[in-house]
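Working notes, structure below.
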Amino acid sequence: MSKITSLVLLSIGLCFNFSCQNKSESLMKKYAWIPTECAPKDYPMRVYSGYLYYGKEGNAYVPGDKTINYGWGALGSIEISGDDLKEAPDTLDLTWISFTENKNYTGKFPLNVKLIDSLLSAGYPAEDIPAGHEDFCYFQVGMAPGGVVVLWLSGPGKQIEVGRYQGKETNDVDWKSKIPGYDGTMKEYGKDIIAGLPKDVQQQIVDNKIPYGKWDHWRRRFNWKPVITGDVNILRLTMFMFNKEMDFLIGKRLNPVEYIQRGAIEKLYIFWVDHKKREMRSQIDFDEAETDQLFSALKPGENCDLLLHVTNDGEVTVNLKTAAGIIPFKKAKINTYLR
């Protein structure tokens, strides 16, 4: 084959590949999403610099102009950034301070873009709205002591973890540029924040007993499903897990057949209608230590049922059905209200 012929074929091949790449890029789906931030209530943080990168050159910043202590997995600041429609993010670049540790952390974390894109594309069913479908719209960037970072994707009534990352300590920060009106050091700044924390947390700091590992401990998943019975009309079940995922069941999905890997249950709401056609709401708040004990006793891969029974007079019982038998949640707090 002549050199000229080889060059022509190579040029055609390069043009074909470039054309396919352009076509692939132009067909990449885009979505409406916004970054937000959170940290455990008693372990405040502040973002020095944070960005979610997407596409070729796109980025949306993680809000960072205030102390963050809204609660682990809770919705934080809402600030519009980046394009109106964006591809699924592929990288999280984050630098922040943990006040209770007096440490700065940083990390550039590659995200599971295929998983995230599939979730953004599919959304989730919502039979209680005309469209019958909801979209994810927030990326919750969570920071916990020890440099722990968790990323959740959330929308109305739904939140799911899409990644856990580990930051490393850094001193390459210039907080004066971020808080120009403050004349003291960041250690002094942090002391003022710590002074407002509960006394037991302040003592943890003094004793070097911050509960590292707590937030990873609650990331464990178990095979369970809710089973709802009773003589009332159940409308909806909303569940909050200790790993800060959230889910709801409505309509045909109220009594699922399949077991799903979920975090241990933290709180739930049962929405139901009594015989007088009054809409009611029952709230169950689970005790952290008791729930940890019951779920930790499960064998690896064991299926269990969260048994919920509601009577017309508002009595609600909750038990965990495991291979060992039916175990009541004795410390759960149960309250029923007119919705």
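The values are calculated or read from the model by the stated rules, or taken from the named source; none is laboratory data. The model shown is predicted, which means the values in this text are computed figures rather than measured ones. Glycine gets a Cβ as well: all are built from the backbone with ideal geometry, and neighbour counts include every protein chain shown.
The number of residues in region 255-279 being of a type in the set (A, V, I, L, M) and under 20 Å from Phe329 (Cα atoms) comes to 4. Can you name the residue in region 324-338 that is modelled with pLDDT of 95 or more and among the aliphatic types (A, V, I, L, M) and, of all such residues, is nearest to Met280 (Cα to Cα)? Step by step, filter region 324-338, then rank; the result is Ile334.
Does region 247-279 hold any residues that are of a type in the set (A, V, I, L, M, F, W, C) and either outside any strand (DSSP E or B) or touching a Gly at 6+ places or on another chain (Cβ under 7 Å) (or both), and which are they? Lay out the reasoning, then the answer.
Of the residues in region 247-279, the ones of a type in the set (A, V, I, L, M, F, W, C) are 248-250, 254, 257, 260, 264-265, 268, 270-273.
Phe248, Leu254, Val257, Ala264 - these are the residues of region 247-279 that are of a type in the set (A, V, I, L, M, F, W, C) and either outside any strand (DSSP E or B) or touching a Gly at 6+ places or on another chain (Cβ under 7 Å) (or both).
Taking (1) surrounded by fewer than 18 Cβ atoms within 10 Å (Cβ to Cβ); (2) farther than 21 Å from Pro40 by Cα in turn, Ala88 satisfies each apart from (1).
Answer with yes or no whether Arg236 is within 22 Å of the chain's Cα centre (by Cα) and assigned to a strand (DSSP E or B).
Values: within 22 Å of the chain's Cα centre (by Cα): yes; assigned to a strand (DSSP E or B): yes.
Yes, satisfied.
For region 170-188, the set of residues classified as touching a residue at least 60 places away in the same chain (Cβ under 8 Å), more than 23 Å from Tyr53 (Cβ to Cβ) and not aliphatic (A, V, I, L, M) consists of Asn171, Trp175, Lys187, listed by residue number.
Evaluate the following for Leu197: is it within 27 Å of Gly64 (Cβ to Cβ), surrounded by 16 or more Cβ atoms within 10 Å (Cβ to Cβ), out of contact with any Leu (no Cβ under 8 Å at 6 or more places or on another chain) and touching a residue at least 40 places away in the same chain (Cβ under 8 Å)? Here the answer is yes, as Leu197 does meet what is asked. Within the set Gly213, Gly157, Gly163, Gly230, the sole residue that is buried (at least 16 other Cβ atoms within 10 Å of the Cβ), outside the structural domain of Phe109 (by TED's automatic domain parsing) and either within 30 Å of Gln261 (Cα to Cα) or touching a residue at least 40 places away in the same chain (Cβ under 8 Å) (or both) turns out to be Gly230. If you go through region 281-339 and keep only what is closer than 18 Å to Phe242 by Cα, surrounded by fewer than 15 Cβ atoms within 10 Å (Cβ to Cβ) and among the small types (Gly, Ala, Ser), you end up with Ala289, Ser296, Ala297. Looking only at region 310-333, residues that are out of contact with any helix residue (DSSP H, G or I) (no Cβ under 8 Å at 6 or more places or on another chain), of a type outside the set (Ser, Thr, Tyr) and assigned to a loop (DSSP other than H, G, I, E, B) come to 6 in all.
One residue alone among Glu101, Glu169, Glu79 is surrounded by fewer than 17 Cβ atoms within 10 Å (Cβ to Cβ) and within 20 Å of Asp216 (Cβ to Cβ), and that residue is Glu169. The residues in region 189-205 that are aliphatic (A, V, I, L, M) and either assigned by TED's automatic domain parsing to the domain that holds Asn104 or assigned to a helix (DSSP H, G or I) (or both) can be counted, and the count is 4. For region 98-113, the set of residues classified as over 18 Å from Pro35 (Cα atoms) and within 21 Å of the chain's Cα centre (by Cα) consists of Ser98, Tyr105, listed by residue number.
When region 43-59 is filtered for residues that are in contact (Cβ under 8 Å) with a residue 60 or more places away in the chain and over 26 Å from Glu87 (Cβ atoms), the ones remaining, listed by number, are Tyr43, Pro44, Met45.
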